[in-house]
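Every number in this text was worked out from the coordinates using simple rules, so none of it is lab data. Treat the numbers as computed from the prediction; the structure is a model and nothing was measured. Counting neighbours? That spans all protein chains shown, and the Cβs are built from the backbone with ideal geometry, glycine included.
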């Protein structure tokens, strides 16, 4: 299965057909707890995978898989047809359907899939473990469907998100492998080198934590408390921006799950207005933002807060500038510029000292926001308030 996913990582359609055909074939086998009265009546898992691969590849039917099986009783055939019909109906379901956005069971799997990809990208989990986590979640989704805790449609949607996550991981790994081959590297990648060194010496990296305020200052005009006449207007703005941000989070994070500037910009606008409504410390502020936007924003909470805390005082929030600064900072960080000093030197070299002095505040705030998302371990947070996604899977399909 992993080989098929790797070979077809750029074709979500083929992966969907493959999974759906496997599910159909498995359901046609009947309950695994029932003993078959006829030899040769059940296909092996290898047969099912091979057939699903053929169907996904060239569209041939899977009927030949069961040619040797004797005809089942009428009642069993009827039940199998109903099950097959359910899976076929699921084929038409799209994970982009509006109903998916509010389905708690599916969203839990989507969040878990994004968390695994994010952890892999930030080198918190290796390739083998990331793949295994996805396989475990796929098995959990199937188990939930068999126990009727999830419908067929919900299971297919969850499997779709997990398949996307697996494709992203495989694509990233392939790019790393090709880069090493093209550059003729002899030694391991940085992360592998450091991991081997730390294991051999029994050491851990020295923490590099940056202190960020847990309470916003009252002397910043940007964050001044709203007057009575402004409250309703701010709430309306928050509702409008939250709706747009929910759409951005649900439909577009797959393209670039870490540095999507709209998430930072809309998050900053919502965050600033929540602070102006009186939520000036991180924990109640985070809870308020979650109440407007939903759980999808949780992984970005600390980076949004840190970005706002680093914004220049007594200035208006410039949406256009912040968008450009986030994109620039994220790009430079991913190119290996791991400190703000390196970002600042790069900016000065490209645009000059005068341009840097004029835009330093926005540039630093954007860097802190993007860097917090990419390297959260560098920033000092109070335990339990860092906005990280819960790693447990106990709540799935319950």
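Sorted by average packing, counted as other Cβ atoms within 10 angstrom per residue and highest first, what order do 270-276, 288-294, 343-349, 14-20 take?
Answer by packing, highest mean first, reads 270-276, 14-20, 288-294, 343-349.
Please say if segment 102-185 is rounded, prolate or oblate, where rounded means a/c under 1.5 for a ≥ b ≥ c the square roots of the C-alpha gyration tensor eigenvalues, and otherwise the choice is prolate for a/b larger than b/c and oblate otherwise?
The shape class here is prolate.
Mind ordering 133-140, 351-358, 122-129, 365-372 by average Cβ neighbours within 10 Å, highest first?
In decreasing order of mean packing, 133-140, 351-358, 122-129, 365-372 become 365-372, 133-140, 122-129, 351-358.
How do 166-175, 149-158 rank on mean C-beta neighbours within 10 Å, highest first?
Result, highest mean Cβ count within 10 Å first: 149-158, 166-175.
Which of rounded, prolate, oblate describes segment 304-348, given a ≥ b ≥ c as roots of the alpha-carbon gyration tensor eigenvalues and a/c under 1.5 marking rounded, otherwise prolate only if a/b is larger than b/c?
Judged from the Cα gyration tensor, segment 304-348 comes out prolate (a/c at least 1.5, a/b above b/c).
Let's test the formula: R0 of 45 Å, r as the Cβ-Cβ distance of residue 231 and residue 355. What FRET efficiency results, to the nearest 0.05?
Efficiency, from the Cβ-Cβ distance: 0.75.
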